[in-house]
Amino acid sequence: MKKLAVMGGTFNPIHVGHLQMADAAVCKFGCDNVLFMTAGNPPHKHSNHILDAHIRFEMTHLAIKGDPRFFDSDYEVQKKGYSYTAQTMEMLSEQYPDTKMYFVIGSDSLADLLLWKDPDKLFSITQFLVFPRKGLDVPIDELTNKYRQMFGAKITNIPYPVANISSTYLREQMALGNWENISPFIPSKVFSYIKMHGLYS
């Protein structure tokens, strides 16, 4: 049975930390591929800080282009209304019936899973691959045990070093014009796209 990891996110913008987690899902955990799912209209984000979904999808496409292990989907971008992970994973499970599904998150998201829509359905559909975020005091083991007791959740912690960078920080630095400081953390094609279109300035 093939193993597919799903990397969902706003990707505003996508950065090397996302790519490092995807790489580890393949190289360290043994997934065959990683599907990047750009969020269309996430209910937990403030829309005034988010670029148009089609622009974010294009940046994600540029970031993974040329790597045969990675592919993307505009399912949530084209979908009307809010994007909910449980619904998306249910759709993907039907689309790939003979595939083991995983969902990749950072430890910061692990702490918020009970706030996601239909967590019971989500835990029944997919297994989570959790990457620790440096500098964040998240009780990963405690939360993992809690979700296992509540939902029978399947969660695997992957202690892999991922760049301690956030999209929020990158946007703040770009707004200040500190392009040289953040260029190492954004894929080169995405960096060029951002500057060419005057995004985040």
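Just so it is clear, none of the values below were taken in a lab; they were calculated from the coordinates. Values in this document were obtained by computation on a predicted structure and should not be read as measured data.
Sorted from greatest to least, the principal axis extents spanned by the alpha carbons of the chain come out as 47, 36, 32 Å. Compared with the dominant principal axis of the Cα atoms in the chain, helix 140-151 is inclined by about 50°.
3J(HN,Hα) along the stretch 174-182, derived from phi through the Karplus expression 6.51 cos²θ - 1.76 cosθ + 1.60 where θ = phi - 60°, amounts to 5, 5, 8, x, 8, 5, 5, 5, 10 Hz, with x in place of Gly and Pro.
Gain on full extension, evaluated as 0.36 nm per residue between A111 and F71 minus their Cα-Cα distance, stands at 11.7 nm. Against the compact-protein benchmark of 2.2 N^0.38 Å, the Cα-based radius of gyration of the stretch 18-123 scales to 1.08.
Using only Cα positions of the stretch 87-200, each an equal point scatterer, no hydration layer, compute I(q)/I(0) via Debye at q = 0.20 Å⁻¹ and quote the log10 values to two decimals. One equal scatterer on each Cα of the stretch 87-200 leads to -1.03.
Expressed as an acute angle from 0 to 90° and rounded to the nearest 10, what is the orientation of the C-alpha long axis of helix 16-27 relative to the principal long axis of the chain? Relative to the chain, helix 16-27 is tipped by roughly 40 degrees. So which aspartates and glutamates can K3 reach, going by Cα to Cα under 18 Å and dropping same-chain residues fewer than 8 places off? The reachable aspartates and glutamates, counting only those whose Cα sits under 18 Å from K3, are D23, D32, D67, D72, E90, E94, D98. Only Cα pairs under 8 Å and 6+ residues apart enter the sum, and on that basis the relative contact order of the stretch 2-164 stands at 24 percent.
Measuring nothing but how far apart in sequence close Cα pairs (under 8 Å, 6+ apart) lie, relative to its length, the stretch 108-169 scores a relative contact order of 41 percent.
Over all pairs of different C-alpha atoms, the stretch 156-201 has a mean inverse distance whose reciprocal, the Kirkwood radius, equals 11.6 Å. Pairs exceeding a 28 Å alpha-carbon distance, out of K65/K121; K80/K146; K2/K65; K117/K189; K79/K100; K154/K189: K65/K121; K80/K146; K117/K189; K154/K189.
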